[in-house]
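Here is the structure we will look at.
The values are calculated or read from the model by the stated rules, or taken from the named source; none is laboratory data. It should be emphasised that the depicted structure is a prediction, and the values quoted were computed from it without experimental measurement. Virtual Cβ from ideal backbone geometry, glycine too; neighbours counted across all protein chains shown. Accessible surface is based on the protein model in full, side chains and every heavy atom, while ligands, DNA and RNA are left aside. Shrake-Rupley method; radii C 1.70, N 1.55, O 1.52, S 1.80 Å.
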Amino acid sequence: MLSLEFPGARQLIAAIDAAVQLPDEGATTDALRHALCRMIRDPNVQLPACVYEREDDHYARRELYRSEEHGYSVVAMTWGPGQGTPIHDHAGQWCVEGVWQGFLEITPYELVESRDGQYRFEPRGTMNAGAGSAGSLIPPHEYHTIMNPSDDANAVSLHIYRRSLENCLKFYPTGAGWYRCDACQLALDATH
């Protein structure tokens, strides 16, 4: 169900529909990454104006589309200067993320140990992703952080999730390289 009409929406949805019908997650996410990079650069695909409006106290999540037939969802995120996430997962599902505007720092993490409700992660390098770039996360390699490193500019990213992402696990440092886990219900900001 399209939450909001925008130029190129049908083109974007057709590309996603074709990709999610491929035989495996790797083929699907590869096809989605390539399609998303093309769409970001295509002047005929223009996200709705609301996705360029930031929220001052959190990064904004706006669902643009949810496929009733295939189950995936498309969420635009708006990152104000310095806004970001703690280490988090995607509830065991794949995701393809593309930077539509600005720059984002994305750091993948590997879970290396867990005991007594505590978790230890190791970063696997930080990527500086600019407009037109896209990447994917496939479990069990889904732990990561995202941050807008700019002091004065917003960033916008588009996320395609295998299913609607309504909750995830977030990890907060407790000291000595260990993290505690909190289950988090994810909210959506209004589209208008």
For A18 and T85, FRET efficiency with R0 = 25 Å and r from the beta-carbon atoms, rounded to 0.05? 0.25
Taking the dipole of segment 131-192 about the Cα centre (Lys, Arg +1; Asp, Glu -1; charges at Cβ), the one of A155, P140, Y172 that reaches farthest to the positive side is P140
Cα gyration tensor shape for segment 94-192, rounded if a/c is under 1.5, else prolate or oblate: prolate
Determine the shape class of segment 16-107: with a ≥ b ≥ c the square roots of the Cα gyration tensor eigenvalues, call it rounded for a/c under 1.5, and otherwise prolate if a/b is greater than b/c, oblate otherwise. prolate
Enumerate the residues in segment 86-105 having an amide nitrogen under 16 Å from the point lying 7 Å beyond the Cα of T126 toward its Cβ. 86-88, 103-105
Euclidean distance of C-alpha centroids, segment 123-186 and segment 1-53, integer Å: 20
Once the Cα atoms of helix 9-20 and of the chain are each reduced to a long axis, what angle between those two axes, in degrees from 0 to 90 to the nearest 10, is obtained? 60
Expressed as a whole percentage, what fraction of the accessible surface of the chain belongs to carbon and sulfur atoms when a 1.4 Å probe is rolled over the protein heavy atoms? 49
Given a 10 angstrom Cα cut-off, can you work out which residue in S114, S150, S67 is the most mobile in a GNM of the chain? S114
Per DSSP, the loop-located GluC sites (Glu not before Pro) within segment 1-83 having at most 11 other beta carbons within 10 Å are E5, E68, E69
Working out 0.36 nm times the residue gap between Y172 and R41, then minus their Cα-Cα distance, what length gain in nm do you get to one decimal? 43.6 nm
If you plug each phi of segment 73-82 into the Karplus form 6.51 cos²θ - 1.76 cosθ + 1.60 with θ = phi - 60°, what whole-Hz ³J(HN,Hα) values come out, in order, with x for Gly and Pro? 9, 10, 10, 8, 10, 10, 10, x, x, x
Rounded to two decimals, the Debye log10 I(q)/I(0) of segment 1-66 (Cα scatterers, no solvent) at q = 0.13, 0.21, 0.28 Å⁻¹ is -0.43, -0.95, -1.21
Percent of C-alpha pairs per 10 Å bin, the chain, short to long: 9, 37, 38, 14, 2, 0
Please determine, in degrees from 0 to 90 and to the nearest 10, the orientation of helix 25-41 with respect to the longest principal axis defined by the Cα atoms of the chain, where the helix direction is its Cα long axis. 60
GNM top mover of G175, G82, G130 - the chain, alpha-carbon springs below 10 Å: G175
Mean Cβ-within-10 Å packing, highest first, puts peptides 157-163, 84-90 in the order 157-163, 84-90
Loop-located chymotrypsin sites (Phe, Trp or Tyr not before Pro) in segment 69-150 whose Cβ has at most 16 other Cβ within 10 Å (DSSP): none
Accessible area expressed per residue, the chain, with surrounding protein chains retained (probe 1.4 Å, Å²): 48
Rg/Rh ratio calculated on Cα atoms of segment 54-153 (Kirkwood radius): 0.98
With all protein chains present, calculate the accessible area of M127 using a 1.4 Å probe and round the result to the nearest 10 Å². 100
Out of G135, G117, G125, any idea which swings most in a Gaussian network model of the chain, alpha carbons joined below 10 Å? G117
